[in-house]
Amino acid sequence: MPGTPDTIIWRWTASGVYSTRSAYRIQFSGFYRAFRGDLIWKAHTENKCKVFAWIMAREKSLTADNLQKKGWPHQERCTLCNGSLKKCLHLALLCPFSRLVWEQILRWENFDTGQVLPTTEPAYLLTWWEKAQSRIDKNDRRRFNGLVIYTIWNV
């Protein structure tokens, strides 16, 4: 409107006021997903297993898909189920062999398999893990996270 002074409003904060912190946060918005490192680092497991779980959760393990990206020799099929080897998610959770291992271990440890194992294919291992551990009683979460790490390590 004529006669109305212009105002500048920073749309990325609730107050509309610019801050360096808000600019930094918006710069990386959508580029990365916050990683819940406490799932791994606070679990009661050996450090070598925690590091392996970190690599698997970040999808950096040398599975066939990552070897193919690097142009390194790799197997085209999963050696456990002869299915297509997609990602760390397949090896750790979705392979029929891995699934049977999960079912047995969860029963041994008195966790509800229907509550923990995915009914649909999750996008990432970490997505499934966060969702599954949120369904576990708070007192059993550290034990469950350790169980996840050791199961991934051994599969």
When the residues of region 140-149 are filtered to those that are over 15 Å from L89 (Cα atoms) and in contact (Cβ under 8 Å) with a residue 40 or more places away in the chain, which remaining residue is surrounded by the most Cβ atoms within 10 Å (Cβ to Cβ)? N145
Checked region 41-99 for anything acidic (D, E) and under 20 Å from the mean Cα position of the chain (by Cα); matches are E46, E59, D65
Just give me the residues in region 67-80 being farther than 15 Å from F97 by Cβ and touching a residue at least 12 places away in the same chain (Cβ under 8 Å), in sequence order. E76
Condition check: under 22 Å from the mean Cα position of the chain (by Cα) and surrounded by 10 or more Cβ atoms within 10 Å (Cβ to Cβ). Does T13 satisfy that? no
Restricting region 109-137 to residues that are under 17 Å from G37 (Cα atoms) and not aromatic (F, W, Y), which is surrounded by the fewest Cβ atoms within 10 Å (Cβ to Cβ)? S134
Hits in region 122-139 (condition: within 12 Å of F111 (Cα to Cα) and either in contact (Cβ under 8 Å) with a residue 12 or more places away in the chain or not acidic (D, E) (or both)): A132, Q133, R135, I136
Tally the residues that are assigned to a helix (DSSP H, G or I), within 27 Å of G37 (Cβ to Cβ) and not aromatic (F, W, Y), restricting the search to region 58-108. 18
Considering every residue within region 18-25, establish whether at least one is modelled with pLDDT under 85 and of a type in the set (V, I, T). no
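Listed here are the residues, each with its yes/no results for (1) free of Cβ contacts under 8 Å to residues at least 24 places away in the same chain; (2) at positive phi; (3) among the β-branched types (V, I, T); (4) in contact with a Cys (Cβ under 8 Å, 6 or more places away or on another chain).
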position: T45; (1), (2), (3), (4): no, no, yes, no
position: A53; (1), (2), (3), (4): no, no, no, no
position: E59; (1), (2), (3), (4): no, yes, no, yes
position: D65; (1), (2), (3), (4): yes, no, no, no
position: G83; (1), (2), (3), (4): yes, no, no, yes
position: A92; (1), (2), (3), (4): no, no, no, no
State all residues of region 16-26 that are without any contact (Cβ under 8 Å) to a residue 12 or more places away in the chain, surrounded by 10 or more Cβ atoms within 10 Å (Cβ to Cβ) and not hydroxyl-bearing (S, T, Y); if no residue qualifies, say none. G16, V17, A23
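The values are calculated or read from the model by the stated rules, or taken from the named source; none is laboratory data. No experiment lies behind these values; they were computed from the predicted model shown. Counting neighbours? That spans all protein chains shown, and the Cβs are built from the backbone with ideal geometry, glycine included.
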